[in-house]
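> I am attaching a structure below and will ask some questions about it afterwards.
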Amino acid sequence: MKKKKIFLKTFGCQMNVADSEYFASILISTGDFEVTNDIKEADVIVVNTCSVRKHAEDRESSFIGRLKKFKDESKTIIVLGCFAQKAKEELKRKFPFIDIIVGPLEYEYLPEILKERLEINSLSSNIHFNIFDKVSVFVPIMTGCNNYCSYCIVPYVRGREKSRPVRDILNEIKCLLDKGVKEVVLLGQNVNSYSGLKSDSIKINFANLLEEIASLDSKEKFWIGFLTNHPKDMTYDIIKTIKSYPNISRHIHLPLQSGSNRILKLMNRNYTVEKYKELVELIRREIPDVSITTDLIVGFPTEQEEDFQQTIKAVKEIEFDSAFVFKYSVREKTKSAELPDDVEEEVKERRHYELLNLCDTIARQKNKNYINSEVEVLVVSKSDKKNVFLGKTINDRIVEICSDRDLLGNFIKVKIKDVKFHTLIGSVSS
């Protein structure tokens, strides 16, 4: 029997990438489906959407609109994700050719919805195949968020925090490692607040979970990454656990968002710049080879030039290994939407350019320190360029390696020769 084909288009964050892979795994588990990269031959077209910024929603709407030309009775079009949760009725009205619209708050019902609409007899609700044969795979450990940062729509479209049971996480990771995966990246809106059950009576936190995973008996060497951390919940126990296990990533993504305490308070971030700096100093003291990356927002409501200059000052003092810099975007339902979006667009543009340029300059300089050093690299993918592979270090630096050998999936020693923007350029050590 010929298998039906699934085409996946994923917008947004790592959690959406993981959700798309789970969705495909559910269908592939039936034995009747396979993934295709050709949208024209797909029987099922899946669009996984993001709602974190207006720009993302505009791109998604444009893509969905173009799907009308592919629609016929034999094709099923499915829209998932945060935009689907936020604007279900709007999407139905604007794109009546969509067959199924399901947001994250309804994912637990997804197998039943698919069984009914796609006429499938049996589906598993808790399965994750490594459908793209990846070396590094995202593993969600929790969903939702309780923090309600004033600019963020996530709690409204993904709900409150819900941690997965420890047994489910460990079983999934064991299965992935047995299938040849060399890195698992634990996902949550705030992994630091993980609180799961090991048994009916034993609760464990994120530090405990990291220890459980790092101690797994595996035939092959593997690394553990994690995203994303919240400064208010990053504890000494977590730092100590990272330090204690060599297979836990030395990369901590720690969003600062602003260098102004006044703006941080309006953002409902629940820490000060001073506390953040103390935390960074503690992390770097305990884990000397750590890389710390961050998120920053410019143009938040009422942000004055003084607030922005405080962010510039903080970035110069902290010296992040890299940073994502965003212009503030109003999100409906959030508390900041009640504030006037009073920073002019040209001011946002100037601040965005200035801050991004500063962050990139610092990152390039820090990368230059690796020239002539030898690093361990996990090779995670092949480049489009012939005989070029891409890998990562334990502290999440990207490394480009030229080799006529197949390096994919291997841990190798690499001598760094040069730096190209955010990428280290190296060759396999003899």
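Please treat every number below as a calculation from the coordinates, not as lab data. As the structure is a computational prediction, the values presented were derived from the model and not from experiment. Cβ sites come from the backbone with ideal geometry, for glycine too, and all protein chains shown count toward neighbours.
> So if I take the alpha carbon set of the chain, get Rg, then get Rh from the Kirkwood formula, what is the Rg over Rh ratio?
Value, to two decimals: 0.96.
> Within a 10 angstrom radius of the beta carbon, how do LEU296, LEU339 rank from fewest other beta carbons to most?
Going from sparsest to densest Cβ surroundings: LEU339, LEU296.
> If each residue's Cβ is checked for other Cβ atoms within 10 Å, how do ASP168, ASP233 rank with the fewest at the top?
Going from sparsest to densest Cβ surroundings: ASP168, ASP233.
> Within 10 Å of each residue's Cβ, count the other Cβ atoms and sort LYS333, LYS232 from fewest upward.
So the ranking, lowest neighbour count to highest, is LYS333, LYS232.
> A further question follows. Which order do peptides 313-320, 205-212 fall in by mean Cβ count within 10 Å, highest first?
Packing order, densest peptide first, comes out as 205-212, 313-320.
> Hey, how many Å between the Cα centroid of region 150-164 and the Cα centroid of region 294-320?
If we compute the Cα centre of each part, the gap is 25 Å.
> Something else now. Rounded to whole Å, give me the distance from the Cα center of region 1-76 to that of region 332-374.
If you average the Cα positions of each part, the centres end up 31 Å apart.
> Given the C-alpha atoms of region 298-358, compute the convex hull and give its volume per residue in Å³.
Taking the convex hull of the Cα positions in region 298-358, it is 85 Å³ per residue.
> Specify which residue in the list PRO104, SER193, LEU216 is farthest towards the positive end of the charge dipole of the chain, using unit charges on the beta carbon of Lys, Arg (+1) and Asp, Glu (-1), about the Cα centre.
LEU216
> For region 136-368, report the translational diffusion coefficient in µm²/s to the nearest whole number, using Stokes-Einstein at 10 °C, 1.306 mPa s, and a Kirkwood Rh over Cα pairs.
Rounded to a whole number, D works out at 84 µm²/s.
> Under 4.7 Å Cβ to Cβ, no partner at all: give me those cysteines from the chain, in residue order.
Lacking a cysteine Cβ partner under 4.7 Å: CYS13, CYS50, CYS82, CYS145, CYS175, CYS359, CYS402.
> Given a cut-off of 29 Å, name the pairs among LYS3/LYS71; LYS221/LYS386; LYS182/LYS313 whose C-alpha atoms lie farther apart than that in the structure shown.
Listed pairs above 29 Å: LYS182/LYS313.
> Now for a different question. Answer rounded, prolate or oblate for region 374-428, using the Cα gyration tensor with square roots of eigenvalues a ≥ b ≥ c: rounded when a/c is under 1.5, else prolate when a/b is larger than b/c, else oblate.
rounded
> For region 98-232, what is the percent of antiparallel DSSP beta bridges, rounded to the nearest 5?
Restricted to region 98-232, the bridges split so that about 35 percent are antiparallel.
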